[in-house]
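As structure tokens, the structure follows; a few thoughts come after it.
The values are calculated or read from the model by the stated rules, or taken from the named source; none is laboratory data. These figures come from a predicted structure and were not determined experimentally. Note that each Cβ is placed from the backbone with ideal geometry, even for glycine, and that neighbours are counted across all protein chains shown. Accessible surface areas use protein heavy atoms only, side chains included; no ligands, DNA or RNA. Shrake-Rupley method; radii C 1.70, N 1.55, O 1.52, S 1.80 Å.
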Amino acid sequence: MKGVLVTEVDPASFAEDIGFLRGDVIAEVNHAAVGSVAEYRRTVSGLKPGQDVLFKVLRRSGNNQFDTVFLAGAVPAPEQ
């Protein structure tokens, strides 16, 4: 399994709003595979406020099995 592990989800954040959970593994952002934190950061740094974004997430479903979940939203504007 390749991807980026979600270790924490800030309350009232975009990540929480669209449904990320601690322990999720982000495998793709807008159909682009991410296999490292550097790849993830590079991919999300190119997103613009208001742009639609789709995350392909692997979520533990028990007994070392994972379900594929898709989380979608629009990139929020930066805080002022």
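Numbers for the structure displayed
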read-out: Conditions (1) open to solvent by 60 Å² or more (accessible area, probe 1.4 Å); (2) over 11 Å from the mean Cα position of the chain (by Cα): number failed by Val75; value: (1)
read-out: Lone qualifier among Val9, Val75, Val37, Val69 - being in contact (Cβ under 8 Å) with a residue 24 or more places away in the chain, in contact with a helix residue (DSSP H, G or I) (Cβ under 9 Å, 6 or more places away or on another chain) and not small (Gly, Ala, Ser); value: Val75
read-out: Looking only at the range 25-37, and only at residues there that are open to solvent by less than 60 Å² (accessible area, probe 1.4 Å) and among the hydrophobic types (A, V, I, L, M, F, W, C), the one that is nearest to the chain's Cα centre (by Cα); value: Ile26
read-out: Residue under evaluation Leu54, criteria (1) modelled with pLDDT of 95 or more; (2) assigned to a strand (DSSP E or B); (3) surrounded by fewer than 12 Cβ atoms within 10 Å (Cβ to Cβ), criterion not met; value: (3)
